[in-house]
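Novice: So that we are looking at the same thing, I have put the structure below in structure tokens.
Where a number appears in this text, it was derived from the coordinates with a stated rule and is not lab data. Computed from a prediction, not measured in an experiment: that's the story for all the values here. For neighbour counting, all protein chains shown are included, and Cβ atoms are generated from backbone atoms with ideal geometry for every residue, glycine included.
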Amino acid sequence: MNDRYFAMRAHFLDREVNGECFFKLKELEERWFCSLKNVKRILHQFEESGRLIYIPGAGRGNPSKLTFRHSFQKEVEDFMKDCMENGKLDQAAQLLRLPIPKSWIAKVSSDIRDMFGLKRGTESKDVLHAFISRDFTTLDPLKVSISFESHLIEYLGDTLVKYDDKKDTILPHIAHHFESDGDKKWTFHLRKGVFFHHQETLTSKDVAYTIERIKNSEESSHQWLAEDIETVECPAPYKVIVTLKKENPFFLRYIASPNFCILPANQAFNEGEWIGTGPFLLKERSENKVVLEAFDHYFLERPLLDELHFYKVSQDAANIVDFTVQHPPTEEVMSKHEIETGFRFLMCNLRKQTVIKHASIRKALYHLMDINRMADDLGWGHWVEASSFVNARSSPQKKDPKTILPLLKEAGYAGEPITIYHMHYQKAFEVADWYKKQGEEYGINFVLHPFTFPDFYQRSIDKKADLIFMGEVSSLDPHLSFLAAFYNDTLLFRRMFPVDSLQWIDEKLEIFKQEEAENRERIMMEIEDHIRENNLLLFQHHPIKDVSPDDQGCDVPFVRSF
């Protein structure tokens with residue numbers, strides 16, 4: 001009942017005057033997902049509990065009236081106090097999902113941080129609680145392309161081999177040993193006694209099933225990881241032989257991708273009952289909460305944390321409380337300032353027949369994107385200008401605003417609307433609003449549209465957006481991430497780059513896969529040069545996160561390349 005009461009008060013807050021508001025019963029019928037009869041019953045219950053006075057509308061079509069006995073702010077503060085004193089984390093998180101004023105959250109933000117965070121529970125469990133300020137998306141390894149959910153999969157599942165970023169090499173994992181015959185035939189010897197979360201033992205059949213699932217699924221965004229696989233043989237329960245169509249030096253890196261985590265052959269994949277072999281198992285998943293629990297039968301060391309709880313809250317709550325999560329925490333202490341392994345960009349949709357296809361328009365937009373001025377105007381604390389996918393290859397970009405008007409004239413631009421899509425969170429709104437205002441100074445008519453991850457996955461933006469503000473976050477393997485950026489057809493690069501550019505890039509990547517590390521870096525720079533010369537996307541910046549042992553950073557709602 002508290003959920004319904006607070007949802008109602010938050011909904012009516014803007015129209016409330018001196019504790020009173022007028023409304024139609026149909027509003028609550030839709031908000032509470034119940035019948036008109038039940039709406040009246042619930043209102044009478046609230047009245048009996050002393051929370052409000054309900055006066056039904058006199059006659060058909062006339063509004064009803066509510067008079068609240070206490071201010072909404074006091075009720076929120078009292079409820080949060082009760083939650084903190086009695087450890088009602090779920091109820092507190094439910095309240096923090098509502099659109100309540102920022103100032104009310106700010107007043108108790110330090111108490112909320114104390115309430116959540118790393119706690120030793122009544123059963124001597126080490127439990128970490130954290131916030132995420134958006135809807136949870138898919139956890140299917142075939143589809144996942146978002147950074148946070150990708151990290152969760154790394155906790156839930158295991159791969160045959162692991163990538164060691166410190167040594168830039170591949171290490172055994174589920175396979176305790178592997179060998180190759182000329183890079184076309186690979187034999188993997190599996191560990192015995194590796195248990196799935198449903199207590200079944202992993203065998204070669206599970207490996208074969210996983211490979212076939214990735215290779216043959218029509219819904220997979222990561223089919224490219226298995227496209228070179230010709231056959232999979234299981235000559236013994238703990239032996240797998242994989243034969244490739246052609247030599248691929250990147251094959252081991254492919255199967256080290258978390259998207260290649262081994263799933264049980266005897267259990268159809270179910271996101272709500274995620275079964276893997278990872279150090280954590282999925283204990284609970286709902287629309288607004290995900291709970292991971294340490295897997296006691298994990299074949300390697302058991303995690304130090306017993307449970308990880310992730311709660312969905314409002315963006316305002318996340319911003320003010322500042323206890324959101326970029327990815328599941330580790331026990332390592334991170335430095336104060338950390339450059340994110342990724343970059344922000346403005347994507348040009350070159351699959352639409354619009355003014356954006358004119359090279360001069362894109363040049364004008366490039367000079368308009370003055371990241372230094374943006375950072376000053378928006379008060380950013382730490383950031384690094386980007387001209388590349390990674391910070392090590394980035395350098396300052398020369399911008400000349402004097403060229404903008406001549407370039408617009410050259411393109412024949414006459415003020416037609418240019419639609420910009422951006423993520424539905426506060427900082428994305430700020431960046432898009434800033435860029436729109438810059439455009440107005442030169443007569444550019446930007447029209448802004450926020451979008452969510454369901455829109456991104458469903459590709460509803462592809463036919464509507466001319467430009468898209470987005471971000472890309474790399475995995476620990478930068479070279480595999482670079483391949484994935486262009487091979488994963490869920491990501492914007494493959495969806496919006498022109499076909500001729502993608503064909504040229506694909507040819508370069510085929511060479512890339514056969515080269516040593518030094519030559520791969522050279523090819524990456526060639527591809528980035530092509531992107532910059534044609535302004536296929538406009539590089540913005542590499543964010544720098546302020547991170548401390550007590551702060552898990554901020555939720556990064558961006559795509560993940562593997």
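Novice: Check cross-link reach from LYS24 to the lysines: straight Cα distance under 16 Å, and skip same-chain residues fewer than eight apart.
Specialist: Qualifying lysines at Cα under 16 Å: LYS37, LYS40, LYS65.
Novice: Once fully extended, how much extra length lies between LEU25 and GLU410, figured as 0.36 nm per residue of separation less the alpha-carbon to alpha-carbon distance?
Specialist: Length difference between fully extended and current span is 132.9 nm.
Novice: Rounded to the nearest 20 Debye, what is the dipole magnitude of the chain about its Cα centre when Lys and Arg each give +1 and Asp and Glu each give -1 at the C-beta?
Specialist: Computed charge dipole of the chain: roughly 1700 debye.
Novice: In nanometres, what is the gap between the two model label sites at ASP135 and GLN199, each 7 Å from Cα along Cα-to-Cβ?
Specialist: About 3.6 nm separates the two model spin labels.
Novice: So for each of 410-423, 144-157 I average, over its residues, the number of other beta carbons within 10 Å; can you give me the resulting order with the highest mean first?
Specialist: So the peptides 410-423, 144-157, ranked by packing, come out 144-157, 410-423.
Novice: Oh, and also: At a Cα cut-off below 24 Å, give the lysines reachable from LYS166, other chains included and same-chain residues fewer than 8 away excluded.
Specialist: LYS336, LYS513, LYS545
Novice: Okay, moving on. Multiplying the sequence separation of ASN216 and ARG69 by 0.36 nm and subtracting their Cα-Cα distance, what value in nm do you get?
Specialist: 46.8 nm
Novice: Which option, (1) 25.1, 77; (2) 26.4, 85; (3) 22.8, 77, is the value of Rg and Dmax of the Cα atoms in Å that was calculated from these coordinates?
Specialist: Label (2) holds the value from this structure.
Novice: Between GLU247 and PHE33, what is the spin-label point distance in nm, taking each point 7 Å from the Cα along the Cα→C-beta axis?
Specialist: With each label point 7 Å from Cα toward Cβ, the separation is 5.7 nm.
Novice: Also: Listing ASP14, ASP228, ASP489 from the residue with the fewest other Cβ atoms within 10 Å to the one with the most, what is the order?
Specialist: Lowest to highest Cβ neighbour count: ASP14, ASP489, ASP228.
Novice: Using a Förster distance of 60 Å, how high is the FRET efficiency between GLN267 and LYS402, based on the Cβ-Cβ distance and rounded to 0.05?
Specialist: Efficiency computed from Cβ-Cβ geometry: 0.40.
Novice: May I ask you to list the lysines whose Cα is less than 17 Å away from that of LYS283, ignoring any residue fewer than eight positions away on the same chain?
Specialist: Counting by Cα, and skipping residues close in sequence, LYS283 has these lysines nearby: LYS125, LYS312.
Novice: Full-extension gain between GLU441 and THR169, please, as 0.36 nm times their residue separation minus the C-alpha to C-alpha distance.
Specialist: Result for the pair: 92.8 nm of gain on full extension.
Novice: Can you compute the FRET efficiency between ASN519 and HIS176 using 1/(1 + (r/R0)^6), with r the Cβ-Cβ distance and R0 = 30 Å? Round to the nearest 0.05.
Specialist: FRET efficiency, ASN519 to HIS176: 0.40.
Novice: Which order do the peptides 351-364, 274-287 come out in when sorted by mean C-beta neighbours inside 10 angstrom, highest first?
Specialist: 274-287, 351-364
Novice: Taking neighbour Cβ counts within 10 Å as the exposure measure, how do TRP504, TRP383 sort from fewest upward?
Specialist: So the residues, fewest neighbours to most, are TRP504, TRP383.
Novice: Would you compute, from DSSP H runs of 4+ residues alone, the mean residue ellipticity of the chain at 222 nm, taking -39500 (n - 2.57) per run and dividing by the full residue count, rounded to the nearest 500?
Specialist: Calculated from helices alone, the mean residue ellipticity at 222 nm is -10000 deg cm²/dmol.
Novice: Can you work out the Karplus-derived ³J(HN,Hα) for every residue in the stretch 356-368? Use 6.51 cos²θ - 1.76 cosθ + 1.60 with θ = phi - 60°, whole Hz, and x for glycine or proline.
Specialist: 5, 6, 6, 4, 5, 4, 5, 5, 4, 5, 4, 5, 6
Novice: Please arrange ASP158, ASP90 by counting, for each residue, the other beta carbons lying within 10 Å of its beta carbon, fewest first.
Specialist: ASP90, ASP158
Novice: Ok, one more. So if R0 is 35 Å, what FRET efficiency would GLU510 and ARG302 give, r being the distance between their Cβ atoms, rounded to the nearest 0.05?
Specialist: 0.25
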